[in-house]
1. Keeping every protein chain present and rolling a 1.4 Å probe, give me the accessible area per residue for the range 122-198 in Å².
2. Give the lysines whose C-alpha is closer than 18 Å to that of LYS26, dropping any in the same chain fewer than 8 places away, or say none.
3. Any chance you could look up the accessible area of TYR90 with a 1.4 Å probe, heavy atoms only, rounded to 10 Å²?
4. Just the number, please: carbon plus sulfur as a percent of the accessible area of the chain, 1.4 Å probe, no ligands or DNA/RNA counted.
5. Would you mind pulling out the separation of the Cα centroids of the range 127-185 and the range 49-110, in Å?
6. Could you work out the helix-only [θ] at 222 nm for the chain, with each DSSP H run of four or more residues adding -39,500 (n - 2.57) and the total divided by the number of residues, to the nearest 500 deg cm²/dmol?
7. Residue by residue through the range 273-287, what is 3J(HN,Hα) from phi via Karplus (6.51 cos²θ - 1.76 cosθ + 1.60, θ = phi - 60°)? Round to whole Hz and write x for glycine and proline.
8. Simple spin-label model, 7 Å along Cα-to-Cβ: HIS243 to ALA298 in nm?
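The values are calculated or read from the model by the stated rules, or taken from the named source; none is laboratory data. Since the model is a prediction, treat every value here as computed from it, not as a measurement. Reconstructed Cβ throughout: ideal geometry from the backbone, glycine too, with neighbour counts over all protein chains shown. Accessible surface areas use protein heavy atoms only, side chains included; no ligands, DNA or RNA. Shrake-Rupley method; radii C 1.70, N 1.55, O 1.52, S 1.80 Å.
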Amino acid sequence: MTEFNATLLREKFIIKDVMPDEHSGKPVIALSNRLTLPLHIPRSDDHEDLVIRAQNMHTCVRLGARLCQDFQEYGPLLTRDPAYDWNEAYEAITKGYESKFNPNIWAAIYHKGRVLFENGATNRHPFLDIIEQCDARSKGDYDKAVNMAEDAFKHAGKLVTIEHDANVALLVTTNEDEGKCGIIVRGPNRTTTFSFTAKKRPGRSVRPSSCLSASAAFLEGIQLAFQVGMIKQKVKLELIERHSEESQKGEDAGQKLGRLNAAINQFESMYDVRYRPDKPDFKQMVEEAEDFARKILAAEVERKIQSGEINASDWVM
């Protein structure tokens, strides 16, 4: 691969009846993260443009990294004999913490609007498949897909309007010399925006899969840091038991943060990496999440003090 460009979107679709009546239900909401994954072999006509949708951002990007790596190392995925094992790729990137603590996880891989692979299909809204089919017919003009979906409902005898809210969460651009990644994460208390550039070192060109993997590590790390901080504060406030399932989730999330840090350090050992403005500090993010949790949970603590569930002397508000 000589040039590579991938974009991750956070999307929300709201489907409403144009003429609602007493039989109409509430507006339908479909949520998804969407990664475009163009896989091309240098100096060749071989290319496979895939789309990945998933429940969360890091799973979407990490699955893209796995497919990209397999394409780089062993060639096209769609024409293999025996057939490429999509499920094996998915299981490899979700085993451990994700499969243990995220029962709602799902992912789907599309090619020209057709579902190549899906896991957790009951958690994925079927409207997302319609959008991908419309996008395939629009020949790459994704903005037209929503209008085409409205027309598809109209031809089926149902008049609807579709609101589409999309925010860019990740941009990855690479060539053999360098990779540039811009990450935007909108959290409950702030938006984190940063970028990093990875330049090649002697004997090692920049690989898109490596940049995607590092981006997934940051995306998951930022999310986990918030969870760890929240759960730590809940334990301190005695809102949850120290040996509860949620507390265990926090401990496992902390261990996963350590593994993500190790993966990022390995990425930095492979390339000359520069951050702008600064490299995210997961430890600091955990502390900030604890402060945030302390403020929003103060009312619950006060209630427990008043009810006698905890001793006021054990906690100074």
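1. So the range 122-198 comes to 54 Å² accessible per residue, rounded to a whole number.
2. Candidates past the 8-residue exclusion: LYS12, LYS16, LYS158.
3. Its heavy atoms expose roughly 10 Å² to the probe.
4. 47 percent
5. 20 Å
6. -14000 deg cm²/dmol
7. Residue by residue, the range 273-287 yields 9, 10, 10, 9, x, 9, 5, x, 9, 4, 4, 5, 5, 4, 4 Hz.
8. Once both label points are built, they end up 3.4 nm from each other.
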